[in-house]
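Worksheet: one structure, shown below.
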Amino acid sequence: MTAHAKSVRNKMFRMRALYLMLLLPVVHLAVFHYAPMYGVIVAFKAYKPGLGIWDSPWNQMAHFRMMFEDFAFLRALRNTFIISFLRLIVGFVLPIGFALLINEVIHHRFKRLIQSISYLPHFLSWVIIASMVVEVFSPERGVINYLIVQFGGDPVHFLSNKGYFVPLLILTDAWKEVGWASIIYLASISAISPELYEAAEADGANRWHKMRFITLPSLVPVITILFLLRLGSILSGGFDQVLNLYNPLVYEVGDIIDTYVYRVGLEQFRFDYSAAVGLFKNVVGVVFLVTVNQIVRRRSDYGVW
């Protein structure tokens, strides 16, 4: 055994506790994420439950051709892009702004209180939040419609109105996740050297100048990486949220690929076709991630890899 191999073995032995801790998540990843990937083959099969995946006949890419001939899929694809991009813009910008504002709060107890309150919605499931949204925006008993009526207006069916449904999705998602998403930015801000701020103060910089010329530029690497990771799930329009809030009246603007797959796969039992749609969604996400990462790497030193 070479000296290098002995050194690696000794280092691994010294860190054996860390490797044991790493074993459980690796096993979980292998069993629940990689092992089921063999089922992707069903997307290329005319699946028959009696024959199983392997013995079902090949479909000659029929499901992928069928996707682009299906009006419901094309509508879901359009809606997914619209909702995902809006969620990306609003849900990505707000946590940065919120972290910058929280960082400017001087009173530490008030700062911790605001942070704790902003984190809480993240830990609530969309089932609970959807129930709250339905009650708040209810045309009969909701507080929003109560105020509208008090000011002389007519009750609005927000969750059944195509013009209000998507903005409601974006706002409720931002409310739920803005506090939690700001944690990593706050952690990055806390790692900025205080000497930079002290030097800026000596040069006469105010709080706005320090935020603009020190804090924001220091966050660029983190912002870039998180943005790239979000692009990898660009076609994930928020299945739990949409499923708990939408209804047939807003399918035209609210039906996304995930809910489309849910209806086709689990309600209509077209497992092979729904697998093809899911595979298409993931491939598009990977293409987005790789393409944008290469563009970013050419123009800067930041990237996922």
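The values are calculated or read from the model by the stated rules, or taken from the named source; none is laboratory data. All figures in this text were calculated on a predicted structure; none of them were measured in a lab. Cβ: placed from backbone, ideal geometry, glycine included. Neighbour counts: every protein chain shown.
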Looking at the range 103-130, which of the residues that are surrounded by 15 or more Cβ atoms within 10 Å (Cβ to Cβ) and β-branched (Val, Ile, Thr) is nearest to the chain's Cα centre (by Cα)? Ile129
When the range 75-102 is checked residue by residue, the ones that are surrounded by 15 or more Cβ atoms within 10 Å (Cβ to Cβ), aromatic (Phe, Trp, Tyr) and more than 21 Å from Ala191 (Cβ to Cβ) are Phe81
Just give me the residues in the range 131-163 being surrounded by fewer than 17 Cβ atoms within 10 Å (Cβ to Cβ) and aromatic (Phe, Trp, Tyr), in sequence order. Tyr146, Phe151
Filtering the range 203-230 down to residues that are assigned to a loop (DSSP other than H, G, I, E, B) and of a type in the set (Gly, Ala, Ser), which residue is farthest from Val178 (Cα to Cα)? Gly204
Counting only residues that are surrounded by fewer than 18 Cβ atoms within 10 Å (Cβ to Cβ) and either of a type in the set (A, V, I, L, M) or in contact with a Phe, Trp or Tyr (Cβ under 8 Å, 6 or more places away or on another chain) (or both), how many does the range 232-254 have? 5
Residues of the range 258-273 satisfying the condition of being under 19 Å from the mean Cα position of the chain (by Cα) and hydrophobic (A, V, I, L, M, F, W, C): Val261
Please verify whether the range 7-30 includes one or more residues that are assigned to a helix (DSSP H, G or I) and closer than 30 Å to Val250 by Cα. no
Write out, first by first residue and then by second, each pair whose Cβ atoms fall under 9 Å of each other, whose residues are 6+ apart or on separate chains, and whose first residue, in the range 282-294, is within 17 Å of Val40 (Cβ to Cβ) and without any contact (Cβ under 8 Å) to a residue 60 or more places away in the chain while the second is small (Gly, Ala, Ser) and not in a helix (DSSP H, G or I). Gly285/Gly232; Gly285/Ser233; Gly285/Ser236; Val286/Gly232
Tell me whether the range 60-74 contains one or more residues that are assigned to a helix (DSSP H, G or I) and exposed (fewer than 11 other Cβ atoms within 10 Å of the Cβ). yes
For the range 91-202, give me every one of the helices (runs of 4 or more DSSP H) that falls completely inside it and has 1 or more residues that are farther than 29 Å from Val253 by Cα. 108-119, 143-150, 183-190, 194-202
Applying the selection to the range 40-57, what residues are within 12 Å of Ala276 (Cβ to Cβ) and not in a loop (DSSP other than H, G, I, E, B)? Val40, Ile41, Val42, Ala43, Phe44, Lys45
Lone qualifier among Ser160, Ser193 - being out of contact with any helix residue (DSSP H, G or I) (no Cβ under 6 Å at 6 or more places or on another chain) and more than 14 Å from Pro95 (Cα to Cα): Ser193
Helices (runs of 4 or more DSSP H) contained in the range 245-305 and holding at least 1 residues under 20 Å from Phe73 (Cα atoms) and touching a His at 6+ places or on another chain (Cβ under 6 Å): 271-299
Could you say whether any residue in the range 43-52 is more than 31 Å from the chain's Cα centre (by Cα), modelled with pLDDT under 85 and exposed (fewer than 10 other Cβ atoms within 10 Å of the Cβ)? yes
Which of the following residues is over 19 Å from the mean Cα position of the chain (by Cα) and crowded, with 18+ Cβ neighbours inside 10 Å: Ala199, Ala276? Ala276
In the range 257-290, what residues are among the polar types (S, T, N, Q) and out of contact with any Leu (no Cβ under 9 Å at 6 or more places or on another chain)? Gln268
Tell me, yes or no, whether the range 212-232 has at least one residue that is over 24 Å from the mean Cα position of the chain (by Cα) and touching a residue at least 40 places away in the same chain (Cβ under 8 Å). yes
